[in-house]
1. Would you mention how many residues in segment 127-153 are among the aromatic types (Phe, Trp, Tyr) and modelled with pLDDT of 65 or more?
2. I want to confirm something. Restricting to segment 96-111 and keeping residues that are without any contact (Cβ under 8 Å) to a residue 40 or more places away in the chain and out of contact with any helix residue (DSSP H, G or I) (no Cβ under 8 Å at 6 or more places or on another chain), which single residue is farthest from GLY34 (Cα to Cα)?
3. Test ASP7 against the stated conditions and say whether it is under 17 Å from the mean Cα position of the chain (by Cα) and acidic (Asp, Glu).
4. Find the residue count for segment 101-114, including only residues that are of a type outside the set (Lys, Arg) and either part of a loop (DSSP other than H, G, I, E, B) or modelled with pLDDT under 95 (or both).
5. So the check is Cβ under 6 Å with 6+ separation or different chains; which pairs have a first residue in segment 1-24 that's surrounded by fewer than 22 Cβ atoms within 10 Å (Cβ to Cβ) and a second one that's among the acidic types (Asp, Glu) and part of a strand (DSSP E or B)?
6. Of the conditions (1) assigned to a loop (DSSP other than H, G, I, E, B); (2) open to solvent by 70 Å² or more (accessible area, probe 1.4 Å), GLY60 satisfies every one except a single condition; which number is it?
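The values are calculated or read from the model by the stated rules, or taken from the named source; none is laboratory data. Computed from a prediction, not measured in an experiment: that's the story for all the values here. Because the Cβ atoms are built from the backbone with ideal geometry, glycine has one as well, and the counts that use them run over all protein chains shown. SASA here: full protein model, heavy atoms, side chains in, ligands and nucleic acids out. Shrake-Rupley method; radii C 1.70, N 1.55, O 1.52, S 1.80 Å.
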Amino acid sequence: TAGGANDQNAIVRVRQNGEDSLSVAFYRVDDLGGAIGAVAPGDATYAAAAATRLYVLRGGGTEMAGPGYGLFAQAQIVDVDAGHLVALRLTNHASGQTYFAFAQANGDKTVHLVNYGMNTWGFEDLHGGGDRDFNDLVVQLDFTSASGHGWLV
């Protein structure tokens, strides 16, 4: 968070390059391995545990819909505290598949998320890793533009 503050909003920017109906949600994990309490990625209850830790979007709801092929959208997640580790979850509504930031949590045990740097992440939206271009939904988290005077919003 900006300045190590609590109760901050983070701006979420997405660009969709995949053609399927996609959405992204954000949840809090306890460590870089993706643990949620005593539940680790790959445990049978991981999806349910992640659901209890979902961040809410400004305006309501917990999932940000993909804007559609070739389009851009922006939203905000609210109440992010200093030290929180934010993880991502992609839902492909066309296939019914859900992919987490941690390969062990995915039904196909495949990596579906890569880091481009600068808090920018790319998702692969197809089972088994698809074409492995990791650009079907590109997500950026911005923890500074929503703070301060709002000059950068």
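1. 2
2. GLY96
3. Against the criterion (under 17 Å from the mean Cα position of the chain (by Cα) and acidic (Asp, Glu)), ASP7 does not qualify.
4. Total satisfying the criteria: 8.
5. Short answer, once both residue conditions are applied: ASP7/ASP79; ILE11/ASP142; SER23/GLU63.
6. It is condition (2) that GLY60 fails.
Residue-wise test of (1) of a type in the set (Asp, Glu); (2) open to solvent by 30 Å² or more (accessible area, probe 1.4 Å); (3) over 24 Å from ALA5 (Cβ atoms); (4) without any contact (Cβ under 8 Å) to a residue 40 or more places away in the chain.
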site: GLY70; (1), (2), (3), (4): no, yes, yes, no
site: ASP81; (1), (2), (3), (4): yes, yes, no, no
site: VAL86; (1), (2), (3), (4): no, yes, no, no
site: PHE134; (1), (2), (3), (4): no, no, yes, yes
